Amino acid sequence: MAADSEPESEVFEITDFTTASEWERFISKVEEVLNDWKLIGNSQGKPLEKGIFTSGTWEERSDEISFADFKFSVTHHYLVQESTEKEGKDEESEDAIPQSMQDLLCMNNDFPPRAHCLVRWYGLREFVVIAPAAHSDAVLSESKCNLLLSSISIALGNTGCQVPLFVQIHHKWRRMYMGECQGPGVRTDFEMVHLRKVPNQYTHLSGLLDIFKSKIGCPLTPLPPVSIAIRLTYVLQDWQQYFWPQQPPDIDALVGGEVGGLEFGKLPFGACEDPISELHLATTWPHLTEGIIVDNDVYSDLDPVQAPHWSVRVRKADNPQCLLGDFVTEFLKICRRKESTDEILGRSPFEEEGREVADITHALSKLTEPAPVPIHKLSVSNMVHTAKKKIRKHRGEESPLNTDVLNTILLFLFPDAASEKPLDAPASVDNSNPPPEGEDYTLYNQFKSAPSDSLTYKLALCLCMINFYHGGLKGVAHLWQEFVLEMRFRWENNFLIPGLTSGPPDLRCCLLHQKLQMLNCCIERKKARDEGKKTSPSDTITTTYSGDAGKAGGQLGLDHLRDTEKEKGEVGKSWDSWSDSEEEFFECLSDTEDLKGNGQESGKKGGPKEVANLKPEGRLHQHGKLTLLHNGEPLYIPVTQEPAPMTEDLLEEQSEVLAKLGTSAEGAHLRARMQSACLLSDMESFKAANPGCFLEDFVRWYSPRDYIEEEVTDEKGNVVLKGELSARMKIPSNMWVEAWETAKPIPARRQRRLFDDTREAEKVLHYLAMQKPADLARHLLPCVIHAAVLKVKEEESLENISSVKKIIKQIIAHSSKVLHFPNPEDKKLEEIILQITNVEAIIARARSLKAKFGTEKCEQEEEKEDLERFVSCLLEHPEVSVTGAGRGHAGRIIHKLFVNAQRAAAVAVPEEELKRSGCPEERRQNSVSDFPPPAGRELILRATVPRPAPYSKALPQRMYSVFTKEDFRLAGAFSSDTSFF
């Protein structure tokens, strides 16, 4: 017993070898992933089509596994293809070699322009890669590499997976992979060599053939033929006489008289540097055999001009500097500034010491020709001189903008100031040229900017140009101050603002544009009142507005009022319907004695006797066949006051005030009273136009839905119409009844103004004066983006690039979403500007390529079309085949480009250096060579040989080689028969 108990005490020291090790767990995880992805067995696909690696769709899926605490990512890369149905071919496919081995010999997709490196090196359509999960991790030691290779070999054998499995070793930048593929009785080993320096014996075909033959070790004495594909890549960097055509705008010409002031309305466009940095020409020999060509360290048959296949790709400059993008970006930077105009200029914006601007009576005459006699018109130059004198007085330095620049801009913004005609024309643009209703013109609706022919739009462009070329932020502040001074001058002197459509503020435009429209409305009202002149029906003094404001000023929320009948009746109504003696517009209620008390009496008990002495006033026209209910007189539509125009910030402010009144009965009553100012005015006008009328008459015109008519049979049996007010009108003490009882028969011309133009104009002017440059830039940025999009569309129309059209549509859709918010985020605005810059760069690249290939110089129309098609393909595709290779039209042009570059390089090399370059033959070759030494050489060697024994199955062997100036890589896939080995 003692002997038996002794081993029991040492049981804890026994090692249990049945427990899985970390290595076994890792293999198990790899197998599990392969099973989950259903990569088991042979999945034969259809033969690869030519170019499918580039045009097809590649997908990938990933998982994560770990070896102990070292994490690996497993990624499955595969080309999406239609699945092929197996119809009775199972027996034949059992002995078939794996699909990936067959792909090693496929020549349809050599040297794909855009693909995973393993696809380029081995021609695989499907493979799995195991790589360290962290970017900084690497498998460096040889023992760890062998352990991983053993792991994947066991996993492939256990699962029967026939998809190649690679492991990434060494640092990731080296792109070193080792792998294996297994099939029934066959195996392919994927091996790789990567060196910094190219061994001299391997820089040519003969040396690489030696490596390939020694590696496959074919035991057959007459070696099967080796198939060869060669690609030499030449790089053109020196374009020589094809200078970049884009010239920066001539700043002096903008104000020097060579270019008119209209240049301020145009945005610059194009790249400041050549956006095409390099042209890569790939000359390819796709199907060669060993004995056809000679390529060794002494002589080579590989002449690029004789290559059967040429393809070209262009390397684009990284982030080329583009004028339009810089313009808009610099303007966006103003939005982040905090300074006010006073802080920037160092003075008060409206300081008037000694009333130096008391006599601003001259127009822009000094800009055109000196006037011997003072002409009664706008004087911008006088204002500029005065403003500059103030700046010098307070700051002791020159103005940010010189006089020429400022005068040119002001003349561009206010062209009416240079006119000899008096400034009493309507504020809208010239009626002989109506604004187009095309898609480009109405773009401001989507961007919430301003029409492209408006003053606001022009101001945005001018400020953008000032910011970029003439003084930066100080120049912007200076111009804005002069602009505000001009607005005040026009208000005080009844001069309409040009470049603004007549009517109430357009709520589809930016707030600054609405403010300027509001100021114009005020000027029109003040002008009509002060000068006593009639205004045309197109002016703002009409009852029905096409804008969104409607009667919002006095009757917000009463949407159901004034139905279609009333609106139809009032179209075309204007102050022209009044007599000359009625033009006076009273600031307050009339104190005429004979009107006292008549309004209320006529409303309650009115009849012919009470109102016989009242004279109808303020009639517009008769309302169809309607008559007054109680005296049978025709019902006349009165001339009414129009509702007060409102900008979106005033509407929002009014809505907030009404909302704060709450839902109590008192609050609701007060809200109704506030909204009934316009209703009361219209009732008074209606009473004045229709003496003896009743509330029912007013409702029949103003809100027909509130007057209900029914057919009834009277005492005599006749069917007659009987009408009465709706239920809501019969509610005791409702707003309509109260207003009707309060209203007196006073025509619109003698009522208190619903719209106080003086107060509103001062509010607008104060608002403009208080705007900081950052606020101004925020207001005008939609206009600048709008202008940039129009500029891009204009330039694209000249080039006709289909891909750019799609991008522009995306920019418009994105911008319309972002700019409709009051304060869009800077990040989203930067995204829009980046998109515009990218389009500008694409168009600049197209022009650069057209200039280099001379598309405009082609005399034959067919050649020109082919060349333009070739250039457009270069922009849209990673690599483009050259029709006819070096003998085609595009090929001859490319050849000439290289020849010119080589000649220029030969001239640049000193003669002494040529003398030292060796034998005369070598000097001759160096001096006349059409092409430089190839920047890259790629070779693919293929063969089908039995390996490792003569009686083994003949299997595909492949080796890919690439070497550049500082990089050499061999990627081999060598298959062997494992049936008896």
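The values are calculated or read from the model by the stated rules, or taken from the named source; none is laboratory data. Just so it is clear, the model here is predicted, and its values are computed rather than measured. With ideal geometry, Cβ positions are generated from the backbone for all residues, glycine too; neighbour counts draw on all protein chains shown. Note: areas computed on protein heavy atoms with side chains; ligands, DNA, RNA excluded. Shrake-Rupley method; radii C 1.70, N 1.55, O 1.52, S 1.80 Å.
So, PRO782, is that one crowded, with 21+ Cβ neighbours inside 10 Å and farther than 22 Å from LEU519 by Cβ or not?
In short, no.
Just to be sure I understand, how many residues within the range 844-865 are in contact with a Cys (Cβ under 9 Å, 6 or more places away or on another chain) and touching a residue at least 12 places away in the same chain (Cβ under 8 Å)?
Qualifying residue count for the region: 1.
Look through the range 936-952, keep the residues that are outside any loop (DSSP other than H, G, I, E, B) and of a type outside the set (D, E, K, R), and return whichever of them is nearest to the chain's Cα centre (by Cα). Step through it out loud before you land on a result.
Residues of the range 936-952 outside any loop (DSSP other than H, G, I, E, B): 936-946.
Next, from what is left, pick out any that are of a type outside the set (D, E, K, R): 936, 939-941, 943-946.
Values: GLY936: 38, LEU939: 44, ILE940: 44, LEU941: 48, ALA943: 52, THR944: 54, VAL945: 57, PRO946: 60 Å.
The residue in question is GLY936.
Take the range 702-747 and flag every residue that is out of contact with any helix residue (DSSP H, G or I) (no Cβ under 8 Å at 6 or more places or on another chain), among the small types (Gly, Ala, Ser) and either surrounded by fewer than 17 Cβ atoms within 10 Å (Cβ to Cβ) or over 30 Å from LEU670 (Cα atoms) (or both).
Scanning the range 702-747 gives GLY717, ALA727, SER733.
Using beta carbons and a limit of 7 Å, which pairs, at least six apart or on different chains, have the first residue in the range 461-488 and over 18 Å from GLY325 (Cβ atoms) and the second one charged (D, E, K, R) and surrounded by fewer than 20 Cβ atoms within 10 Å (Cβ to Cβ)?
Once the first residue is over 18 Å from GLY325 (Cβ atoms) and sits in the range 461-488, its partners that are charged (D, E, K, R) and surrounded by fewer than 20 Cβ atoms within 10 Å (Cβ to Cβ) give LEU473/ARG337.
Restricting attention to the range 708-727, which residues are of a type outside the set (S, T, N, Q) and assigned to a loop (DSSP other than H, G, I, E, B)?
Correct list: ASP714, GLU715, LYS716, GLY717.
Which count do you get for residues in the range 183-216 that are farther than 15 Å from GLU290 by Cβ, of a type outside the set (D, E, K, R) and open to solvent by less than 40 Å² (accessible area, probe 1.4 Å)?
Final tally of qualifying residues: 9.
Considering the range 953-973 alone, what residues qualify as being in a strand (DSSP E or B) and touching an Asp or Glu at 6+ places or on another chain (Cβ under 6 Å)?
VAL962, GLY972
Need the failing condition index for GLU796 against (1) open to solvent by 40 Å² or more (accessible area, probe 1.4 Å); (2) more than 26 Å from HIS513 (Cα to Cα); (3) charged (D, E, K, R), just the number.
Among (1) open to solvent by 40 Å² or more (accessible area, probe 1.4 Å); (2) more than 26 Å from HIS513 (Cα to Cα); (3) charged (D, E, K, R), GLU796 violates only (1).
Looking at HIS135, HIS116, can you tell me which residue is modelled with pLDDT under 90 and within 48 Å of the chain's Cα centre (by Cα)?
HIS135
Give me a count of the residues in the range 445-476 that are farther than 19 Å from GLU339 by Cβ and part of a helix (DSSP H, G or I).
13
Which numbered condition in (1) out of contact with any Leu (no Cβ under 7 Å at 6 or more places or on another chain); (2) open to solvent by less than 30 Å² (accessible area, probe 1.4 Å); (3) under 19 Å from SER340 (Cα atoms); (4) not β-branched (Val, Ile, Thr) is the only one that ASN494 fails?
That leaves (3) as the condition not met.
Can you go through LEU455, LEU413 and tell me which one is in contact with a Lys or Arg (Cβ under 7 Å, 6 or more places away or on another chain), among the aliphatic types (A, V, I, L, M), buried (at least 20 other Cβ atoms within 10 Å of the Cβ) and modelled with pLDDT of 85 or more?
On the way: LEU455 fails: in contact with a Lys or Arg (Cβ under 7 Å, 6 or more places away or on another chain).
Result of the check over LEU455, LEU413: LEU413.
Could you go through the range 464-486 and let me know if any residue there is surrounded by fewer than 21 Cβ atoms within 10 Å (Cβ to Cβ), under 22 Å from MET646 (Cα atoms) and modelled with pLDDT under 50.
no
From the list PRO245, PRO224, which residue is touching a helix residue (DSSP H, G or I) at 6+ places or on another chain (Cβ under 8 Å) and at pLDDT below 90? Explain how you work it out, then say what you get.
Working: PRO224 fails: touching a helix residue (DSSP H, G or I) at 6+ places or on another chain (Cβ under 8 Å).
Residue meeting the stated conditions: PRO245.
Please pick out the residue among ILE360, ILE334 that is open to solvent by less than 40 Å² (accessible area, probe 1.4 Å), modelled with pLDDT under 80 and either farther than 30 Å from PHE870 by Cβ or in contact with a strand residue (DSSP E or B) (Cβ under 6 Å, 6 or more places away or on another chain) (or both).
Unique residue meeting the criteria: ILE360.
Does any residue in the range 279-301 that is over 14 Å from ARG937 (Cβ atoms) come within less than 9 Å, Cβ to Cβ, of a residue that is open to solvent by 50 Å² or more (accessible area, probe 1.4 Å) and among the basic types (Lys, Arg) six or more places away or on a different chain, and which pairs are these?
Partner pairs satisfying both residue conditions: LEU279/ARG313; LEU279/ARG315.
Are any residues in the range 819-830 crowded, with 17+ Cβ neighbours inside 10 Å and touching a Lys or Arg at 6+ places or on another chain (Cβ under 8 Å), and if so, which ones?
The answer is LEU819, and nothing else.
Quick check on my filter: what residues within the range 761-816 are among the basic types (Lys, Arg) and assigned to a helix (DSSP H, G or I)?
Residues satisfying the conditions are LYS763, ARG778, LYS791, LYS793, LYS805, LYS806, LYS809.
Within the bounds of the range 508-530, is there any residue that is among the β-branched types (Val, Ile, Thr) and open to solvent by less than 20 Å² (accessible area, probe 1.4 Å)?
There is at least one residue in the range 508-530 that is among the β-branched types (Val, Ile, Thr) and open to solvent by less than 20 Å² (accessible area, probe 1.4 Å).
When only residues in the range 139-161 that are in contact with a helix residue (DSSP H, G or I) (Cβ under 7 Å, 6 or more places away or on another chain) and surrounded by 18 or more Cβ atoms within 10 Å (Cβ to Cβ) count, which is modelled with the lowest pLDDT?
Filtering first and then ranking leaves VAL139.
Of everything in the range 683-707, what is in contact with a Ser or Thr (Cβ under 8 Å, 6 or more places away or on another chain), touching a residue at least 24 places away in the same chain (Cβ under 8 Å) and not in a helix (DSSP H, G or I)? Give them in sequence order.
Passing the criteria: PRO691, GLY692, CYS693.
Out of the residues in the range 757-778 meeting the condition of being charged (D, E, K, R) and in contact (Cβ under 8 Å) with a residue 40 or more places away in the chain, tell me which one is least open to solvent (accessible area, probe 1.4 Å).
For the range 757-778, the residue satisfying everything is ASP757.
Anything in the range 851-883 that is closer than 22 Å to PRO286 by Cα and open to solvent by 60 Å² or more (accessible area, probe 1.4 Å)? List them, or say none.
Scanning the range 851-883 gives HIS877, SER881, THR883.
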